[in-house]
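The values are calculated or read from the model by the stated rules, or taken from the named source; none is laboratory data. Just so it is clear, the model here is predicted, and its values are computed rather than measured. Counting neighbours? That spans all protein chains shown, and the Cβs are built from the backbone with ideal geometry, glycine included. When the accessible area is computed, the model is the full protein with side chains, heavy atoms only, and any ligands, DNA or RNA have been set aside. Shrake-Rupley method; radii C 1.70, N 1.55, O 1.52, S 1.80 Å.
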Amino acid sequence: MYARPFDYAAPSSLEEALDLLSANPDAKVMSGGMSLLPMMKLRLLSPTLVIDIGRIPGLDEIVDQGDHIAIGALVTHAEVAASDLIAAQATALGQAAAWTGDAQVRNRGTLCGAVAHADLAADTPATTLALGATMVARSTRGEREIAAEEFFVDTLQSALEPDEILTEVRIPKRGGGSAYDKLGRRGGHTDYAVAGVAVWVADATGSDARVAVTGVGTKPQLATAVMDALGAGTPIEEAAARATEGMTVLEDLHGSEAYKAHLAAVFTGRAYAAARENAR
């Protein structure tokens, strides 16, 4: 199927892109196009204007800002996966980026694009939750910071306003250790997650932890029941069993509610053990 007719713009500055977006409420922003273009071909989206930000300078860098890592809107999954800075300070994010899609997707798709798309089974959004990231949105009205916990609203719905562009993801340099693990739809670590879990721990004891789940519910979300249980000294075997507590678990072609809840518990335990090891 072909996309419906649309206009195309390739602005050379962020200000120009924001002006175009403000003037065209039905427009969509494209960075890598790995999510937008397939949806347009299936006519799940039919924007009147596509604003390609791929030529805008200054958005393609991973920068150490002292207390956080700034990842620009045009940084690809492959660049995140290959970054020594990410590997050292945000291990889970590097792992998730390395397991996103195939080589073509990783080399064209961007971290910010995946976060803004807010797919319920994507890998990197869950790691931004576990790592306590902040999303930076820009519009003609100015700049806005959005905590990861408030960013993912529902399936394919984020807290971005129609006239905003996600220009940066900021990962705090909090120390400790992190890890991501999942079962992909084709087995192993390939494709979207049937269930995936990202964990950050403050130290090797693992009592102070952030745990986020993807693939099982309507959106990537924090497993607050697990976090509370670990903080109260509950053994991980018991805490992990609460991975989907308070979540709406979705049955689909890839598994029943019970199966997905079981996978979430299993991968919570695995990612938690790896995060503690990475914190040593």
Quick one: angle between helix 14-23 and the longest Cα principal axis of the chain, in degrees between 0 and 90, rounded to 10, please. 80
Find the all-direction average of the projected area of the Cα convex hull for segment 96-146, expressing the result in square nanometres with one decimal place. 4.1
Calculated from backbone phi, Karplus (6.51, -1.76, 1.60) coupling profile of segment 67-76 in Hz, x at Gly/Pro: 9, 8, 9, 9, 10, x, 5, 9, 6, 7
Mean accessible area per residue over segment 232-280 (1.4 angstrom probe, all protein chains present, square angstrom) is 58
The percentage of the accessible area of the chain (probe 1.4 Å, all protein chains present) made up of carbon and sulfur atoms, to the nearest whole number, is 48
With a ≥ b ≥ c taken as the square roots of the eigenvalues of the C-alpha gyration tensor of segment 22-105, please select rounded if a/c is under 1.5 and otherwise prolate if a/b is larger than b/c or oblate if it is not? oblate
Binning every alpha carbon pair distance of the chain at 10 Å from zero, what are the percents per bin? 7, 31, 35, 20, 7, 1
What percent of all Cα-Cα pairs in segment 156-280 falls in each 5 Å bin, counting up from 0? 2, 12, 20, 21, 17, 14, 9, 3, 1, 0
For Glu168, what residues show an amide H to amide H distance below 5 Å, using hydrogens built from the backbone and excluding near sequence neighbours? Val136
Which net charge results when you count Lys and Arg as +1 and Asp and Glu as -1 among the other residues whose beta-carbon is under 9 Å from that of Ala3? +3
Apply the Debye scattering formula to segment 118-171, with a single equal point scatterer on each alpha-carbon and no solvent, then give log10 I(q)/I(0) at q = 0.15, 0.25, 0.29 Å⁻¹. -0.38, -1.01, -1.25
Which value does Rg/Rh take for segment 92-189 over its C-alpha atoms, Rh per Kirkwood? 0.97
